[in-house]
Amino acid sequence: MDLYRGKRLFVEKKMVRLPDGRELERVLVHPGDAVAILPVRADASCYLLRQYRFAIDEFILEAPAGTLNAGERPDETARRELIEETGFQAETLIPRGFIYTTPGFTDERIFLFEAQGLSPSCAYEKDEDEVIEVIKVPLAHLPSMIREGEISDAKTIALVYRCLGPVRESRR
């Protein structure tokens with residue numbers, strides 16, 4: 001049974017069967033799949049967004065990201081969102097797999113991409129509800145920014161790990 005159906009997501013209550021045969025009533029959130037992109041520059045830096053998020057009433061640092069439109073492939077969404085949010089297009093998009101955001105109550109997947117060969121583009125405009133500042137960050141700073149909590153967005157942390165390898169904390 002639908003509890004809510006909106007433009008971006010729907011919420012349903014349904015009976016689910018567990019692997020052991022038990023049936024339970026659960027609420028599931030279906031926001032649709034999304035993408036996150038790490039735009040990597042030739043000078044060993046990348047672009048992140050300082051973006052206002054109303055759900056937490058804060059600005060946070062995160063990778064460009066967005067939801068797939070109906071019929072859109074993840075790579076198409078990644079190309080569109082990269083231009084919308086940063087003003088750059090990518091010559092090359094490297095798929096870095098996907099993550100489940102919170103599988104305890106949602107089926108949302110975020111497809112991860114590394115973008116290379118960046119050049120300016122104005123093919124798409126920012127969404128009207130986005131409050132974004134594009135920030136250039138040296139790749140070498142990302143591990144400490146994650147360790148210190150300056151980057152706390154889970155999709156961005158997963159994306160950095162998938163693009164740059166394990167984020168190791170140095171022992172002093």
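The values are calculated or read from the model by the stated rules, or taken from the named source; none is laboratory data. Worth saying up front: this structure is predicted, and the values here are computed from it rather than measured. Don't worry about glycine lacking a Cβ; one is built from the backbone with ideal geometry, like all the others, and counts go over all protein chains shown.
Details
- Filtered by the rule that a residue be over 17 Å from Ala42 (Cβ atoms), in contact (Cβ under 8 Å) with a residue 12 or more places away in the chain and outside any strand (DSSP E or B), region 122-148 gives Cys122, Ala123, Tyr124, Glu125, Lys126, Asp127, Glu130, Val131, Pro143, Met145, Ile146, Arg147.
- Residues (in contact (Cβ under 8 Å) with a residue 60 or more places away in the chain and crowded, with 17+ Cβ neighbours inside 10 Å) located in region 46-65: Cys46, Tyr47, Leu48, Leu49, Gln51, Leu61, Glu62, Ala63, Ala65
- Test for Glu133: is it in contact with a Lys or Arg (Cβ under 7 Å, 6 or more places away or on another chain), more than 24 Å from Val29 (Cα to Cα) and in the same structural domain as Ala36 (by TED's automatic domain parsing): yes
- Restricting the first member to region 89-102 and to residues that are without any contact (Cβ under 8 Å) to a residue 12 or more places away in the chain and over 15 Å from Ala158 (Cβ atoms), and the second to residues that are among the aromatic types (Phe, Trp, Tyr) and surrounded by 14 or more Cβ atoms within 10 Å (Cβ to Cβ), no beta-carbon pair is closer than 7 Å while six or more apart or on different chains.
- Residues that are β-branched (Val, Ile, Thr) and over 26 Å from the mean Cα position of the chain (by Cα), drawn from region 15-41: Val16
- Residues considered: Leu9, Leu24, Leu3. Of these, the only one that is among the hydrophobic types (A, V, I, L, M, F, W, C), farther than 30 Å from Met145 by Cα, exposed (fewer than 14 other Cβ atoms within 10 Å of the Cβ) and at pLDDT below 95 is Leu3.
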